[in-house]
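Inspection log for the structure reproduced underneath, given as structure tokens.
The values are calculated or read from the model by the stated rules, or taken from the named source; none is laboratory data. Because the structure is a prediction, the values reported are computed rather than measured. Note: ideal-geometry Cβ built from the backbone for every residue, glycine included; neighbour counts use all protein chains shown. Note: areas computed on protein heavy atoms with side chains; ligands, DNA, RNA excluded. Shrake-Rupley method; radii C 1.70, N 1.55, O 1.52, S 1.80 Å.
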Amino acid sequence: MQQRCFLGTLVFGPAASRTTTCLSSGGYVDVATGTKYPPILASLPDVDRELDISISGSSMTQSFGQLTVNLSDGVADSMNVRNHTGDLSILTGLRSYDMARGWWSDPALSACQPLFTGSATAWRTGATQGTLTLSGPAVLSRQLPLATYAGTGGVEGGSDLTGLVKPRLRGYAFNITPVCVDSVNQIYQVSDAPFWMGTQGTQPDLTVLEGGVLGSWSATSTDGSWSYAGMVSDITTADPAAGTYVVESSSRGAFFRLGGTPVYTITCWATGAMPDGTYVSSLPDIVRQVLVQDIGIPAASISSTWADPFGKVESAAGAFWDGSSDSYTGNDMITALLQGSMRKLAVARDGTLKLIGITDSFLQLAPHQWEKLAVLPDEVIDIKETDLPSELALPLTCGRCTYSRNYTVMSTSTLSPKADLSTLRTQRSAVTVGTDSPTVEVVSPPEVLTSLRTQAGAQVVADVINKLWTVADRRVFYVTLPFERLFDFEMGDEIVLFANVDGLRDGLGGLVVGESWRGSSAGQCVLTVLV
């Protein structure tokens, strides 16, 4: 005989003095440490976790839910998180009935499985119970620690820049507008971190343009791009020759200084390093470093299996934040990097982060080769088809993915007559033609500006979009299963779904894109499956 139990910890309070409260559904003792988990958890919490599978949607896994506790003496005071966001971890395990002693034996803590790891806020009390709102990691939704200009001159800008956020460049970005921190000496800041210094480690990957013009500047020209004249240790004391620019790449940021006054708008193409000076070029590696260095996610919270879900493909990328907003969050940075790439950031039940890919690989699953990851008809308590995102409700005309985003769309007044307009388009698209049947209503895919740098990287995504969404065969199902089956799957896992529904009787490959469970239905869980 076995009985499921639930237990967990809630950590809250100011960073310098965090408080941990233990809780369980029926009382639990960790024999190894002697830690007691009081039986104040009213039931299994209510949680929904979902992945936005649309092309232009959120690049994050969203978590929603609530947890209810019984208010015995002192509970309301010990779990008050009104002033601070709590970190919640819920585990579940199976108790065994000891026939000889006549009681239920608790499982070892190490044998319990993670059920939810995230944040708890909005403590609300009633007469006999209190409720917490559950969500994903709070660190991702908080405003980032942002470097701002002091307005004291030099690289700290003039008084007009006081308090404004410094720009950030992570990886490669095309035609960005740097911040002019000194209009007299023509000093521009590209990033709050260093430049990438190129393959030889001596020259920055930086091209300065004036009015959108590439090429060699000459002493007699009135507009044009500028020639690189070397590195300097202090950009404020440098004195570049006419028509050239010098560069500072240091811990205080990435800067260049012009030897002259431009006629048209100054932009640049550049590659930025991370705050610690390291350089990575692939999209997954940039996201990982941004999570650790910019957002402050502990490196131990990154999954040991972190990798590109599209496999070993070209994925050079980068993004630029111009400093015009003082409310950047971790979600903002991740969305700028991942949006439109069919890659999503997911938080596993144990709190680790990994990348999920909305790829077509599940279409090739062979039902007879799968056992543990197959769901059989006699396990399906209920199944119901649900709507696809409105963007994907009808077949797309083709697969499309943009690349080499143009961050500065130039007007006539800022664009030199000599500029090559073909190099300054808002975006470029890698396209794979799909269905164009006159008998099927088709919809053009959205032009989502991605952080991908190359056509090769964009083409990989366009091919997948073409295979998935230019046909009318995609469906999404809510599948109700016995609760214990929840632990065979995580968000983004592939699955073979058998059910007494047309198209599923012989088994069909699918992708887990959501899950939910309710305290009122502790014996069941619901998986959302894309097939």
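Among the conditions (1) in contact with a helix residue (DSSP H, G or I) (Cβ under 8 Å, 6 or more places away or on another chain); (2) at pLDDT 90 or above; (3) not small (G, A, S), L44 misses just one, which is (2).
To keep it simple, each residue is scored yes or no on (1) of a type in the set (S, T, Y); (2) in a loop (DSSP other than H, G, I, E, B); (3) closer than 16 Å to I295 by Cβ.
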site	(1), (2), (3)
S327	yes, yes, yes
D332	no, no, yes
L337	no, no, yes
S341	yes, yes, no
A346	no, no, yes
G351	no, yes, yes
L355	no, no, yes
T359	yes, yes, no
F362	no, no, no
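Let's see how each residue does on (1) hydrophobic (A, V, I, L, M, F, W, C); (2) under 20 Å from L140 (Cβ atoms); (3) in contact with a Lys or Arg (Cβ under 6 Å, 6 or more places away or on another chain):
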| site | (1), (2), (3) |
| --- | --- |
| S281 | no, no, no |
| I295 | yes, yes, no |
| S303 | no, yes, yes |
| R343 | no, yes, no |
| V347 | yes, yes, no |
| L363 | yes, no, no |
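Looking for something outside any loop (DSSP other than H, G, I, E, B), under 22 Å from Q289 (Cα atoms), touching a helix residue (DSSP H, G or I) at 6+ places or on another chain (Cβ under 7 Å) and free of Cβ contacts under 8 Å to residues at least 60 places away in the same chain - is there at least one such residue anywhere in segment 395-413? Yes; the residues of segment 395-413 include at least one that is outside any loop (DSSP other than H, G, I, E, B), under 22 Å from Q289 (Cα atoms), touching a helix residue (DSSP H, G or I) at 6+ places or on another chain (Cβ under 7 Å) and free of Cβ contacts under 8 Å to residues at least 60 places away in the same chain. Determine, yes or no, whether C22 is more than 30 Å from T470 (Cβ to Cβ) and in contact (Cβ under 8 Å) with a residue 40 or more places away in the chain. No. When segment 364-394 is filtered for residues that are closer than 30 Å to L291 by Cβ and open to solvent by less than 30 Å² (accessible area, probe 1.4 Å), only L392 remains.
The residues listed here are F477, F487; of these, the one that is within 16 Å of V380 (Cα to Cα) and open to solvent by less than 20 Å² (accessible area, probe 1.4 Å) is F477. The set of residues in segment 492-504 that are touching a residue at least 12 places away in the same chain (Cβ under 8 Å) and open to solvent by 10 Å² or more (accessible area, probe 1.4 Å) comprises G492, D493, E494, F498, N500, V501, G503.
Close contacts from segment 141-160, counting a first residue that is farther than 17 Å from F256 by Cα and a second that is aromatic (F, W, Y) and surrounded by 15 or more Cβ atoms within 10 Å (Cβ to Cβ), with Cβ to Cβ under 7 Å and a gap of 6+ residues or different chains, come to Q143/Y328; L144/Y328; L146/Y328.
In segment 1-19, the qualifying residues are those that are in a strand (DSSP E or B) and farther than 20 Å from A122 by Cα, and the one that is modelled with the lowest pLDDT is Q2.
For the condition β-branched (V, I, T), under 28 Å from G212 (Cα atoms) and either outside any strand (DSSP E or B) or open to solvent by less than 30 Å² (accessible area, probe 1.4 Å) (or both), V139 does not qualify.
Inside segment 248-280, residues that are closer than 15 Å to R168 by Cβ, among the polar types (S, T, N, Q) and open to solvent by less than 10 Å² (accessible area, probe 1.4 Å) make up a count of 1.
Out of segment 62-91, which residues are within 21 Å of T128 (Cβ to Cβ), surrounded by fewer than 17 Cβ atoms within 10 Å (Cβ to Cβ) and at pLDDT 80 or above? Within segment 62-91, Q66, N70 qualify. Evaluate the following for V431: is it at pLDDT 85 or above, in contact with a Cys (Cβ under 7 Å, 6 or more places away or on another chain), not small (G, A, S) and not in a loop (DSSP other than H, G, I, E, B)? Criteria not met by V431.
Checked against the criterion of being in a strand (DSSP E or B) and open to solvent by 40 Å² or more (accessible area, probe 1.4 Å), the candidates Y228, Y245 yield just one match: Y228.
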